[in-house]
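J.: Please find one structure pasted underneath; my questions will follow.
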Amino acid sequence: MDLLKSAQNALSVVDALQELCCCSRCILRFLGVQYSEVGSPYEKPEDYLNKLVSAQQPERILDTLNESSPKKRKSNICPMCLDCFRDETIENLVKHVESLGIESYNYDNFVFNVSFPKCLAVRAHSMLLHLRKHFPLYKSVNLYETTTSVMDEVLLEQPHKIFRAVATGKLSEALNKQYYPKSHLNILISIKYEKDDEEVENMKNLNRNQRSKKRIDVSRNNILEHLKDVDDKLFTYHFAIPPAIPDKEVQLERVNVTTDPIFIGGRYLKFKRNVGQTPWIVDGVIKSELVAVTKLQSIFCSDLTRIKSGEESKKKTYRALCKTAAPDIKAAIDILNKQSELTVSQLTVMRVLHRRTLMARDKTIYKMSATEVPGYSDLFELEVNTQAGTYVKEFVHGDFERTNPSVSSILGYPTDLVALDCLDIDLVWPEKDPNLAL
């Protein structure tokens, strides 16, 4: 159900909310208008309402929204948002944020959130009950959820999205940075209202634990959950319906600026086989001529989970120099090249048994290809594509028959590893995000 589909009802709601001194953005909110990142109606709410009115009754435009209209919103504080959505309020907040010198931070983008007084939720609930009394279509309006699977249910937009629709462009211009939801630079704007606790006090009494008689704490995070379960008659007894015109303005409580840890990702290359997996620092210097890092870039913390999740699913390609006791090297190579995909059972290998649980692990050998080493009758090169986590050395020599099958068991002759190189890891890492510049 869309509240705007019933144009006459929508106009009646506009008149009713204006009569109660609600601001244009709160009127849009209670008409069920949703936030959109591009061309949001909340950026220029008067234009949106003008189009709504003119489409139905052009002669009423001046009577409804014109600056000189007697029905123009009184110069009172909005009873629903306490003027948090008013342009002047937002511009003053932006000026304060700008004065903090954030534009000099070495970031190209930012993300921000806003913390509103708790009583905004109580006031919205009060207004919803008032509208349900006078407009039956509001019985299908949901103030408390962000998603719904109920047919014809209308969700009211969340206050922080409305604020973001108005403030994002202003903050971007003031800070000379782009808004980006995954930015490492976080700005939290906290807005306070002098009578916030006083207005919410009755909520605490309404939500007493009936058995223990202990009051339940009401916070910004849980107040909507409590409102959802409050009996309408009980709420009406304790709170004004519709919400009263406030006599105090909201104020900026604080602005917190934090930065997330910066994660750097890349791919490393080792140029010598006996280089360890962890860095060795000697006299403050790392073994740099033996290793190199490519694709070095900033990444998200969440990207680390891709490394972990890829440990079992990714494929790795190795090249192994093998020595075999097989009397006919050509026949041995022919046998290996005829092998199709193999499932190998590896009991925890001897060389890591002291630090790994003793258990059998199944790994897949997707493909292998053997070639002769010119001038040697007992050496061959084996290129093998395996499931990550496969112990390739043990796949070659069998690890005292703890790995089965193995190259040794396939050939029927002892075969061992002389040298091993990792040629490739089949994992796109890291994936560059163009918005994640420092």
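J.: Could you tell me how many of the residues in the range 91-125 are outside any helix (DSSP H, G or I), in contact with a Pro (Cβ under 9 Å, 6 or more places away or on another chain) and not β-branched (Val, Ile, Thr)?
T.: Qualifying residue count, the range 91-125: 1.
J.: Of (1) at pLDDT below 90; (2) part of a loop (DSSP other than H, G, I, E, B); (3) open to solvent by less than 20 Å² (accessible area, probe 1.4 Å), Val150 satisfies all except one. Which?
T.: Answer for Val150: the failing condition is (3).
J.: Here is a follow-up. Considering only residues that are surrounded by fewer than 16 Cβ atoms within 10 Å (Cβ to Cβ) and either touching a residue at least 60 places away in the same chain (Cβ under 8 Å) or not polar (S, T, N, Q) (or both), which ones fall in the range 93-104?
T.: Keep residues of the range 93-104 that are surrounded by fewer than 16 Cβ atoms within 10 Å (Cβ to Cβ), which gives 95-96, 99-101, 103-104.
Those that are surrounded by fewer than 16 Cβ atoms within 10 Å (Cβ to Cβ) and either touching a residue at least 60 places away in the same chain (Cβ under 8 Å) or not polar (S, T, N, Q) (or both): Lys95, His96, Leu100, Gly101, Glu103.
J.: Going by what's in this entry, would Asp334 be described as assigned to a loop (DSSP other than H, G, I, E, B) and open to solvent by 70 Å² or more (accessible area, probe 1.4 Å)?
T.: So Asp334 fails the test.
J.: Give all pairs with beta carbons closer than 7 Å in which a residue from the range 228-243 that is open to solvent by 70 Å² or more (accessible area, probe 1.4 Å) meets a residue that is not hydrophobic (A, V, I, L, M, F, W, C); count only pairs at least 6 apart in sequence or on separate chains.
T.: Lys228/Tyr144
J.: Right, next: Inspect all residues belonging to the range 126-142 and state whether any of them is closer than 30 Å to Thr236 by Cα, assigned to a loop (DSSP other than H, G, I, E, B), without any contact (Cβ under 8 Å) to a residue 40 or more places away in the chain and not polar (S, T, N, Q).
T.: Among the residues of the range 126-142, not one is closer than 30 Å to Thr236 by Cα, assigned to a loop (DSSP other than H, G, I, E, B), without any contact (Cβ under 8 Å) to a residue 40 or more places away in the chain and not polar (S, T, N, Q), which makes the answer no.
J.: Same structure, new question: Mind listing whichever residues of the range 369-396 are open to solvent by 10 Å² or more (accessible area, probe 1.4 Å), farther than 17 Å from Ser313 by Cβ and part of a strand (DSSP E or B)?
T.: Ser369, Thr371, Glu372, Leu379, Glu381, Glu383
J.: From the list Glu194, Glu198, pick out the single residue that is out of contact with any helix residue (DSSP H, G or I) (no Cβ under 7 Å at 6 or more places or on another chain), surrounded by fewer than 16 Cβ atoms within 10 Å (Cβ to Cβ) and assigned to a helix (DSSP H, G or I).
T.: Only one candidate qualifies: Glu198.
J.: Out of all the residues in the range 397-429, which are open to solvent by 70 Å² or more (accessible area, probe 1.4 Å) and either assigned to a loop (DSSP other than H, G, I, E, B) or at pLDDT 95 or above (or both)?
T.: Once the filter is applied, which keeps residues that are open to solvent by 70 Å² or more (accessible area, probe 1.4 Å) and either assigned to a loop (DSSP other than H, G, I, E, B) or at pLDDT 95 or above (or both), the range 397-429 yields Phe400, Glu401, Asn404, Tyr413, Pro414, Asp416, Val418, Val428.
Here is a yes/no grid of residues against (1) more than 30 Å from Lys248 (Cβ to Cβ); (2) of a type outside the set (S, T, N, Q); (3) in a loop (DSSP other than H, G, I, E, B); (4) at pLDDT 85 or above:
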{"position": "Ala10", "(1), (2), (3), (4)": "yes, yes, no, no"}
{"position": "Cys21", "(1), (2), (3), (4)": "no, yes, yes, yes"}
{"position": "Arg25", "(1), (2), (3), (4)": "no, yes, no, yes"}
{"position": "Arg29", "(1), (2), (3), (4)": "no, yes, no, yes"}
{"position": "Val53", "(1), (2), (3), (4)": "yes, yes, no, no"}
{"position": "Glu59", "(1), (2), (3), (4)": "yes, yes, no, no"}
{"position": "Ser68", "(1), (2), (3), (4)": "no, no, yes, no"}
{"position": "Asn76", "(1), (2), (3), (4)": "no, no, yes, yes"}
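Residue-wise test of (1) closer than 22 Å to Arg254 by Cβ; (2) modelled with pLDDT of 95 or more.
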| site | (1), (2) |
| --- | --- |
| Lys161 | yes, no |
| Arg164 | yes, no |
| Leu171 | yes, yes |
| Leu185 | yes, no |
| Ile189 | yes, yes |
| Asp196 | yes, no |
| Asn205 | no, no |
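J.: Given (1) assigned to a loop (DSSP other than H, G, I, E, B); (2) open to solvent by 20 Å² or more (accessible area, probe 1.4 Å); (3) of a type outside the set (A, V, I, L, M, F, W, C), where does Arg164 come up short, assuming only one miss?
T.: (1) is the only condition that Arg164 fails.
J.: Kindly indicate the residue of the range 264-308 that is open to solvent by 80 Å² or more (accessible area, probe 1.4 Å), within 25 Å of the chain's Cα centre (by Cα) and under 25 Å from Thr390 (Cα atoms) and also modelled with the highest pLDDT among those meeting that condition.
T.: In this case the residue turns out to be Thr305.
J.: Here are the criteria: (1) of a type in the set (S, T, N, Q); (2) surrounded by fewer than 17 Cβ atoms within 10 Å (Cβ to Cβ); (3) at pLDDT 95 or above. Tell me which single one Thr357 does not satisfy.
T.: Failing condition for Thr357: (3).
J.: For Met80, all conditions in the list (1) surrounded by 20 or more Cβ atoms within 10 Å (Cβ to Cβ); (2) of a type in the set (A, V, I, L, M); (3) touching a strand residue (DSSP E or B) at 6+ places or on another chain (Cβ under 9 Å) hold save one; what is the number of the exception?
T.: With respect to (1) surrounded by 20 or more Cβ atoms within 10 Å (Cβ to Cβ); (2) of a type in the set (A, V, I, L, M); (3) touching a strand residue (DSSP E or B) at 6+ places or on another chain (Cβ under 9 Å), Met80 is out only on (3).
J.: For the range 173-191, which residues satisfy the criterion of being surrounded by fewer than 17 Cβ atoms within 10 Å (Cβ to Cβ), under 20 Å from Phe85 (Cα atoms) and not hydrophobic (A, V, I, L, M, F, W, C)?
T.: Listed by number, the residues that qualify are Glu173, Ser190.
J.: Moving on to the next point. Which of (1) of a type outside the set (A, V, I, L, M); (2) modelled with pLDDT of 65 or more; (3) closer than 27 Å to Val150 by Cβ does Gly39 not meet, given it meets every other one?
T.: (3)
The values are calculated or read from the model by the stated rules, or taken from the named source; none is laboratory data. Predicted model only: the values in this text are computed from it and were never measured. Please note: Cβ atoms are built from the backbone with ideal geometry, for glycine as well, and neighbour counts cover all protein chains shown. Ligands, DNA and RNA are excluded from the accessible area calculation, which covers all protein heavy atoms including side chains. Shrake-Rupley method; radii C 1.70, N 1.55, O 1.52, S 1.80 Å.
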